[in-house]
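Since every read-out is calculated from the coordinates, none of them should be taken as a lab result. Only a predicted model underlies this, so the values are computations on that prediction, with no experimental measurement involved. Quick reminder, even Gly has a Cβ in these numbers, built from the backbone with ideal geometry, and neighbours come from all protein chains shown.
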Amino acid sequence: MQKEEQAHPRVLGVVGSPRRGGNTDFLVEAVLTGAEKAGALTEKIILNELEIKPCQACNRCRETGSCVHEDDLPELLEKMQRSQVWVLGTPVYWWGPTSQFKAFVDRWYGAKHVNFAEKKVILAIPLGGGKSTADHTVGMLTSTLTYLGMELLDTLLAPGVNGLGEVREHASVMQRACHAGRDAVKALLHVEDAKSDESCLHALET
Ligand SMILES: Cc1cc2nc3c(=O)[nH]c(=O)nc-3n(C[C@H](O)[C@H](O)[C@H](O)COP(=O)(O)O)c2cc1C
């Protein structure tokens, strides 16, 4: 790790919902707010606004190290490699992640330059139904992360939200998301003293 990253870890938020200002967007943003408060440099990516083509299973990445597609993924993979923590957000669509998010994960298959095993992940998953409706999405993601040797720090579920940005009305969920980001960075920086719960929430309100 470079000196700057030791003092200011990089935290990358990835939003898998097509809705800007939607629940995934706000949930990921809350995590990033907490991370920033603890000293991280953050960036948020909206997958729907990038061109990420679906994997063709041609195996060229295995043979040559590069994908047949020429799209926005390589730049995103570089950002992923530069970041210590990834906040991966997707709403539940038909018990799974969105197609934008799944296409993104499928392309990890050829991501030779990303050291997955050194990455820490926070999952952020809003859904219209009850918590158990997220079981398959959480299962698919936790199995993938485990397979790649990544560390899952937290799984943030926001059940029962459908309206655009409705998750902001759920203060406890938002606060928990803020704390997850803050705690992830504090752990990276080996900071022991916990700031009060209020200060994290306050940051979301301003
Ligand atoms: C195509 C589609 C499929 C959905 N499928 C489910 C589902 O299977 N289970 C569920 O609980 N919610 C489902 N939802 C609701 C979304 O998960 C919910 O509205 C979520 O808060 C949207 O997040 P966003 O605001 O970030 O887009 C679906 C929504 C859409 C548009």
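Numbers at a glance
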| quantity | calculated |
| --- | --- |
| Net dipole in debye of the stretch 1-62 [+1 Lys, Arg Cβ; -1 Asp, Glu Cβ; about Cα centre; nearest 20] | 280 |
| For residue 44, residues with placed amide H under 5 Å, excluding near neighbours | 13 |
| Residue 135/residue 99 FRET efficiency (R0 30 Å; Cβ-Cβ; nearest 0.05) | 0.95 |
| Computed label-point distance, nm, for sites residue 7 and residue 187 using a 7 Å Cα→Cβ extension | 2.5 |
| Listed residue (180, 150, 88) projecting farthest to the positive dipole end of the stretch 3-205, Cβ model | 150 |
| Segments 75-84, 100-109 sorted - mean Cβ within 10 Å per residue, highest first | 100-109, 75-84 |
| Mean separation of Cα contacts under 8 Å, 6 or more apart, over the residue count of the chain: relative contact order % | 29 |
| Per principal axis, descending, Cα span of the chain in whole Å | 52, 43, 27 |
| Per-residue HN-Hα couplings for the stretch 138-150 [Karplus 6.51, -1.76, 1.60; θ = phi - 60°; Hz; x = Gly/Pro] | 5, x, 4, 6, 5, 5, 5, 5, 4, 4, 8, x, 8 |
| Charged-residue dipole, Cβ positions (Lys, Arg, Asp, Glu), the chain about Cα centre, Debye nearest 20 | 340 |
| Taking 17, 143, 66 and counting other C-beta atoms within 10 Å, the order from fewest to most | 143, 66, 17 |
| Relative packing of 159-168, 50-59, which averages over residues the other C-beta atoms within 10 Å, highest first | 159-168, 50-59 |
| Residue-averaged 222 nm ellipticity for the chain, from DSSP H runs of 4+ at -39500 (n - 2.57), nearest 500 | -12000 deg cm²/dmol |
| Anchor residue 53: lysines whose Cα lies under 21 Å away (excluding residues fewer than 8 positions away in-chain) | 44, 79, 102, 112 |
| Burial ranking of peptide ranges 10-16, 38-44 (average Cβ count within 10 Å, highest at the top) | 10-16, 38-44 |
| Percent of beta bridges antiparallel (DSSP, the chain, rounded to nearest 5) | 5 |
| Relative exposure of 185, 114, judged by other C-beta atoms within 10 Å (fewest first) | 114, 185 |
| For 174, 150, 140, order by how many other beta-carbon atoms lie within 10 Å, fewest first | 140, 150, 174 |
| Phi-based couplings in Hz for the stretch 6-21 (Karplus 6.51, -1.76, 1.60; Gly and Pro marked x) | 5, 7, 10, x, 9, 10, 10, x, 10, 9, x, 8, x, 8, 5, x |
| Theoretical FRET efficiency, 1/(1+(r/R0)^6), r = Cβ-Cβ of residue 112 and residue 53, R0 22 Å, to 0.05 | 0.80 |
